[in-house]
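Take a look at the structure set out below.
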């Protein structure tokens, strides 16, 4: 671990980012060049004290998970992320591991979309990053670990995961999930992650097993779905999916399908920023 070099690199990258680049307000009272340390801590999901110790060269060796969070918060390019891992004394993730870190270009697109819900996800359906609008719509979908980080695993093993969709649309969504996974399994034949996911789903969900044996294949690109938000009710959204050239990551953009959905999304943004007190 090259503590002094790591500290200098993190400090300079923090100072080089404009708050607007990560969806934060750049007010007239701001005196700090770039981001404040507490803003980096918030974006990375770690304590301010740890960010301070990293920048002062006093920290313990950060884990690969913390490094990935810092790379996202600081919008590092692929080369910068690799450099960050080297400075911290870790080997950069191999190709299959990098796919689990949202690419810098896609993160910048998340920031530009601002009030439009958008997510970066892997080809297996793991949510790698969300913008604020997507967080208000669906909650933090990056928090899951193990097989639960895959949306299809939660869909077939946890009833509450399906409850956010109207009951009359759940069969269609189930079939789309399975057909999309079939396409990924064919493209990534022999991949350990895909094999484990499929085998666990086959053993734990009779419904999945039946659909899997139909061998339907379809890559999900565009869709219209209704999400039931507990605060504002059902919101009908048009979903557009943009994929990276290697098909490893996707940018999912959710736009309101009608005026009612637009109003509900706007209400959700207002509810997300207001402070309420108990009566």
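How far is helix 64-73 tilted, in degrees, relative to the longest principal axis of the Cα atoms in the chain, given as a value from 0 to 90 rounded to the nearest 10? Tilt relative to the chain: about 80 degrees.
For Cα pairs less than 8 Å apart in space and 6+ apart in sequence, what is the mean separation divided by the residue count of the chain, i.e. the relative contact order in percent? Answer for the chain is 14 percent. In this structure, residue 58 and residue 112 have a Cβ-Cβ separation that, at R0 = 30 Å, corresponds to a calculated FRET efficiency of about 0.25.
Against the main long axis of the alpha-carbon atoms of the chain, helix 3-16 sits at an angle near 70°.
Let a ≥ b ≥ c be the square roots of the eigenvalues of the Cα gyration tensor of the range 169-279; is it rounded (a/c under 1.5), or, if not, prolate (a/b larger than b/c) or oblate? Verdict is prolate for the range 169-279. For the chain, a Gaussian network of Cα nodes joined below 10 Å ranks 176, 65, 56 by mean-square fluctuation, and the top entry is 65. Modelled this way, with points 7 Å down the Cα-to-C-beta line, the labels at residue 203 and residue 160 are 2.5 nm from one another. At an R0 of 45 angstrom, the distance between the Cβ atoms of residue 91 and residue 213 translates into a FRET efficiency of 0.65.
With N as its number of residues, the range 3-93 has a Cα radius of gyration that, divided by 2.2 N^0.38 Å, comes to 1.02.
Using bins of 10 Å that start at zero, the share of Cα-Cα pairs per bin across the range 99-232 amounts to 11, 41, 37, 11, 0, in whole %.
Determine the shape class of the range 133-178: with a ≥ b ≥ c the square roots of the Cα gyration tensor eigenvalues, call it rounded for a/c under 1.5, and otherwise prolate if a/b is greater than b/c, oblate otherwise.
Oblate shape, in that a/c is at least 1.5 and b/c is the bigger or equal ratio.
Over the chain, DSSP H runs of length four or greater, each weighted -39,500 (n - 2.57), average out per residue to a 222 nm ellipticity of -14000 deg cm²/dmol. Each residue, residue 247 and residue 269, gets one label point 7 Å from its Cα in the Cβ direction; the gap between the two is 3.5 nm. Would you mind telling me which residue in 174, 77, 205 has the biggest mean-square fluctuation in a Gaussian network model of the chain, where springs connect alpha carbons within a distance under 10 angstrom? Checking each option, the largest mean-square fluctuation is seen for 205. The angle between the Cα long axis of helix 170-187 and the main principal axis of the chain comes to about 70°, on a 0 to 90 degree scale.
Taking label points 7 Å from Cα along the Cα-to-Cβ direction, residue 255 and residue 147 give a separation of 3.8 nm. State whether the chain is rounded, prolate or oblate according to the following rule on the C-alpha gyration tensor (a ≥ b ≥ c being the square roots of its eigenvalues): a/c under 1.5 gives rounded; otherwise a/b larger than b/c gives prolate, and the remaining case gives oblate. Oblate.
Given 0.36 nm per residue, what is the gain on full extension from residue 1 to residue 140 after removing their alpha carbon distance, in nm?
That works out to 46.9 nm of additional length.
Each reported figure results from applying straightforward, stated rules to the coordinates on display, with no laboratory input. Model, not experiment: these values are computed from the prediction. Glycine gets a Cβ as well: all are built from the backbone with ideal geometry, and neighbour counts include every protein chain shown.
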